[in-house]
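Accompanying notes for the structure given below.
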Amino acid sequence: MTMPTGLRVRRLAPRVVAAIILLGATLALGELTGLPASSADRTANFVATGHDMEYHCALGQQCPYFSILVTKVRNGSTLPVLAIAQAGDLPAALTAVSVPFTPVDPTDPAFATTPFVSPSGAPLFSAIVVNSDDTCGGCDGTAAGITAINARKDDFKAFFNAGGGIFALAGAERRDTYYDFVPLSGLAAAAVSPPFTVTAEGTALGITDAEANCCPTHNAFANPPDPFVVLESDSAGLAETIAAFDVVIGGGGFETTTTTTTTTTAPTTTTSTAPTTTTATSVAPSTTTPPPPPPPAPPAVPVGGAADFTG
C-alpha cells in the first residue's frame with residue numbers, strides 16, 4: 001500500500017493495543033448486560049425490608065415506596081428483574097410500577113437450574129426480588145420456597161458480585177430463616193413496633209413517612225453495622241428497612257471495595273532535533289597607522305630685516 005507523500009506511520013506499543021482492546025470489550029459488555037460500562041467495578045445494591053410492600057402495591061398501596069427500592073437495586077440497568085414468587089402479588093406489583101420482569105417459582109424443580117448469570121459471568125437480570133413469606137397474612141412465600149431459595153446462596157453471591165442487585169421483602173414469622181440466602185452476618189430479624197420514621201438516608205431516596213406508615217408490616221432488624229444504612233426505623237429504634245449500596249459479598253458478608261481506575265494515555269512521540277553548533281570566527285583587530293607628524297616649522301625671521309653682525 002502506498003502512503004501519501006508526507007505522512008508518517010507510527011506503530012502503537014503493544015500495551016496501547018491491549019488497552020484499546022480491553023476498553024472495547026468493557027463497552028461491549030455494558031451493551032450486552034444492560035449495565036453501564038462504569039459498572040465494571042462489579043459492586044451492586046442490596047435492600048431488605050419488613051414491609052410486604054409487593055402485597056400492598058398489588059392492591060394499589062405503597063407502590064411509590066416499592067418503586068423506589070426496586071429502582072435502587074436495579075442500579076440503572078435495563079435488564080428485567082427476576083421475580084421469585086409463588087403467586088401473583090410480586091408480578092402484579094412490578095407490573096404496577098412498569099418494571100419488566102421474568103417470574104420464577106422457587107418450588108418449581110426448574111428453579112434449581114435457572115441461571116442468574118451468563119456463561120461469561122455477566123448478570124442476566126438487573127436485580128432479583130424475592131416475595132414476602134405467607135405468614136404476613138396474604139403473601140406468597142412458603143417454607144418450601146425458602147428452602148429452595150436458600151439452597152442457591154452461592155448463586156446469589158455470584159450474581160451480586162457480577163453487578164446484579166438483590167431486594168428481599170418481608171420474612172414475617174419465618175424471619176429467622178427467610179434471609180439466609182444472603183450473608184447478613186448475624187444481623188437478626190426481629191419483631192416490629194410501629195409507627196415508623198424515615199431516616200435522612202431514606203428521605204434522600206424519596207421515601208416518605210406516609211408511605212412507611214400506610215400499611216401493616218411484619219418484621220424489623222437489629223441496627224446494622226457499616227456498610228449498611230437504615231432507611232426507616234420503628235418506634236423501638238430497630239431498623240425496618242436496611243440497605244447496602246455499592247458493595248460486594250466477601251468473606252465477611254456485605255463489604256465495601258476499593259476500585260482502582262487506570263487511565264491509559266497514548267504515548268507521545270517526541271521528534272529530537274540535532275543540536276546546532278555555532279562556530280565563532282575570531283577576527284583580528286584592525287591596525288590603523290597614524291599619519292606622520294607634520295614637518296617642523298621654519299625658524300622665525302626678526303622684524304626689520306636680516307641681522308648685521310660685524311666683527
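The values are calculated or read from the model by the stated rules, or taken from the named source; none is laboratory data. The shown structure was predicted, so the numbers you read here are calculated from the model rather than taken from an experiment. Virtual Cβ from ideal backbone geometry, glycine too; neighbours counted across all protein chains shown.
Looking only at residues in segment 206-250 that are surrounded by fewer than 17 Cβ atoms within 10 Å (Cβ to Cβ) and either of a type in the set (Lys, Arg) or part of a helix (DSSP H, G or I) (or both), the one that is farthest from the chain's Cα centre (by Cα) is ALA210.
All of ALA170, ALA158 fail the test of being modelled with pLDDT of 95 or more and assigned to a loop (DSSP other than H, G, I, E, B), apart from ALA170. For segment 59-82, indicate whether the set of residues that are farther than 25 Å from THR203 by Cβ and in a helix (DSSP H, G or I) is non-empty. Checked against the condition, which is being farther than 25 Å from THR203 by Cβ and in a helix (DSSP H, G or I), segment 59-82 yields no hits at all.
Looking only at residues in segment 135-155 that are small (Gly, Ala, Ser) and not in a helix (DSSP H, G or I), which one is farthest from VAL81 (Cα to Cα)?
Among those that are small (Gly, Ala, Ser) and not in a helix (DSSP H, G or I), it is GLY137.
Look at (1) closer than 17 Å to ARG74 by Cα; (2) surrounded by fewer than 14 Cβ atoms within 10 Å (Cβ to Cβ); (3) in contact with a Ser or Thr (Cβ under 8 Å, 6 or more places away or on another chain) and you find that SER126 fails only one, number (2). Considering PHE254, PHE181, PHE221, the condition of being in contact with a strand residue (DSSP E or B) (Cβ under 9 Å, 6 or more places away or on another chain) and over 30 Å from GLY60 (Cβ atoms) is satisfied by PHE254 alone.
Are any of the residues in segment 71-78 over 19 Å from the mean Cα position of the chain (by Cα), more than 16 Å from ALA148 (Cβ to Cβ) and of a type outside the set (Ser, Thr, Tyr)?
No; the residues of segment 71-78 include none that is over 19 Å from the mean Cα position of the chain (by Cα), more than 16 Å from ALA148 (Cβ to Cβ) and of a type outside the set (Ser, Thr, Tyr).
Residue count for segment 80-94 satisfying the condition of being surrounded by fewer than 20 Cβ atoms within 10 Å (Cβ to Cβ) and under 28 Å from the mean Cα position of the chain (by Cα): 1.
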